[in-house]
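The values are calculated or read from the model by the stated rules, or taken from the named source; none is laboratory data. Quantities reported herein were computed from a predicted structural model and do not represent experimental measurements. With ideal geometry, Cβ positions are generated from the backbone for all residues, glycine too; neighbour counts draw on all protein chains shown.
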Amino acid sequence: MAVAEIGTDLNRAIDLLKLDNLVAIPTETVYGLAANGLNPLAVSQIFQVKNRPHFDPLILHIGKIEQLDDLAQNIPQKAKILAQQFWPGPITLVLEKKDVVPSIVTSGLPTVGIRMPNHPMTLELLQRISFPLAAPSANPFKYVSPTTAQHVFNQLGFQIPYILDGGNCKIGIESTIVAFHNDDVHVLRLGGLSLEKIESVIGPVIVSTDIHTTIQAPGQLLQHYAPSCKLVPIDESTDKMNLDGLILLSKNSEKQRKINLKIKRFYLSEAGDILEASSNLFSVLRQLDDLDLKTVGFEWLEENGLGRAINDRLKRASN
Ligand code: AMP
Ligand code: MG
């Protein structure tokens, strides 16, 4: 295949998708590798290109809330509330699937993950086609997710025809995934929508992001989102002499830690803005590999809001 084109031509993207080709699409979380989610042959190319194991299910992306009823059944009231409140946005609902959803999308599970992404270009695209898009993150399996068109190009540029360029992803980490059991809401993956926001509309949720919990999602794999470089958490007692670099939340957190070493600093957000930090996280992880650094330290962020999801990715990247 020729090298991928990067562009903003929605008609081109739509034509390719209608012909069952793959197109990389921007979302507010990360870039997705999209195909017609109702066509098993189109979807199978996603697994091939990503080198993704077939036990790892895909998320279906929709452009209108009414599409939920075409794809899922017995939708719990709490799921409807979350969709109304937060879509388009960074939350994926795991629901009982209808027969139209091919089993390759769900890895044979009776449930399907569905989300309406909040990116103007991709929303318009989704609203102009008659099928949902299956789209996992547009990176090789287990590697860090892409947050720019160039990230996608660098890794998949020779395997897909088109990358729709929607700029930098505003949130920069994957969606929060929730599932429903009886009246309980389980969070399977921490992500772009904070627990606090979810709980503010449906009350307490159960966090089941651990690989040892009964409900399992492959996004829970301990080693996921991993750069090649070794990441180590730091605290006051860490010997920082062996580090080639340091990931810090902000200039202020550096001051508080009184770090005087002459090693390279990577600030997730110089001013300490948590949304900016999450949108920069994966770019920073990629830079470590581009610079061929061997061992890099990082600090844990405060365990609330988006900080919780950033810590989750740092933990999985450091294993
Ligand atoms: P991504 O590669 O970021 O699109 O992640 C897709 C992730 O969504 C998978 O790795 C699973 O963790 C999760 N997922 C998708 N569908 C389901 C499902 N039916 N049940 C549980 N988790 C799901
Ligand atoms: Mg992924």
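Side notes on the structure shown:
- Test: residue in the stretch 59-77 that is loosely packed, with under 15 Cβ neighbours inside 10 Å, in a loop (DSSP other than H, G, I, E, B) and under 18 Å from the mean Cα position of the chain (by Cα): no
- For the stretch 293-319, the set of residues classified as outside any helix (DSSP H, G or I) and without any contact (Cβ under 8 Å) to a residue 24 or more places away in the chain consists of Glu302, Glu303, listed by residue number.
- Pair list, Cβ under 6 Å, 6 or more apart: the stretch 122-139 residue within 16 Å of ligand 2 (Cβ to nearest atom), other residue assigned to a loop (DSSP other than H, G, I, E, B) and among the aliphatic types (A, V, I, L, M): Ala134/Leu58; Pro136/Leu58; Ser137/Val30
- Count of the stretch 230-263 residues which are loosely packed, with under 13 Cβ neighbours inside 10 Å and closer than 21 Å to Glu276 by Cα: 2
- Annotation note: of Leu123, Leu188, Leu193, the sole residue that is under 18 Å from Gln85 (Cβ atoms) and more than 12 Å from the chain's Cα centre (by Cα) is Leu123.
- Leading residue by the ranking (nearest to Gly192 (Cα to Cα)) among those in the stretch 101-115 that are touching a helix residue (DSSP H, G or I) at 6+ places or on another chain (Cβ under 7 Å) and aliphatic (A, V, I, L, M): Ile114
- Filtered residues of the stretch 226-284 (kept if on the phi < 0 side of the Ramachandran plot, assigned to a loop (DSSP other than H, G, I, E, B) and of a type in the set (Lys, Arg)): Lys262
- Scanning the stretch 78-92 for residues that are more than 10 Å from ligand 1 (Cβ to nearest atom) and either crowded, with 24+ Cβ neighbours inside 10 Å or of a type in the set (A, V, I, L, M, F, W, C) (or both) turns up Ala79, Ile81, Leu82, Ala83, Phe86, Trp87, Pro90, Ile91.
- Residue in the stretch 156-175 that is closer than 18 Å to Pro117 by Cα, among the hydroxyl-bearing types (Ser, Thr, Tyr) and within 14 Å of ligand 2 (Cβ to nearest atom) present: yes
- Among (1) without any contact (Cβ under 8 Å) to a residue 60 or more places away in the chain; (2) under 20 Å from Asn74 (Cβ atoms), the one test that Ile177 misses: (1)
- Within the stretch 16-33, considering residues that are in a loop (DSSP other than H, G, I, E, B) and either modelled with pLDDT under 95 or crowded, with 24+ Cβ neighbours inside 10 Å (or both), the one nearest to ligand 2 (Cβ to nearest atom): Val30
- Total residues in the stretch 1-15, condition among the basic types (Lys, Arg) and not in a helix (DSSP H, G or I): 0
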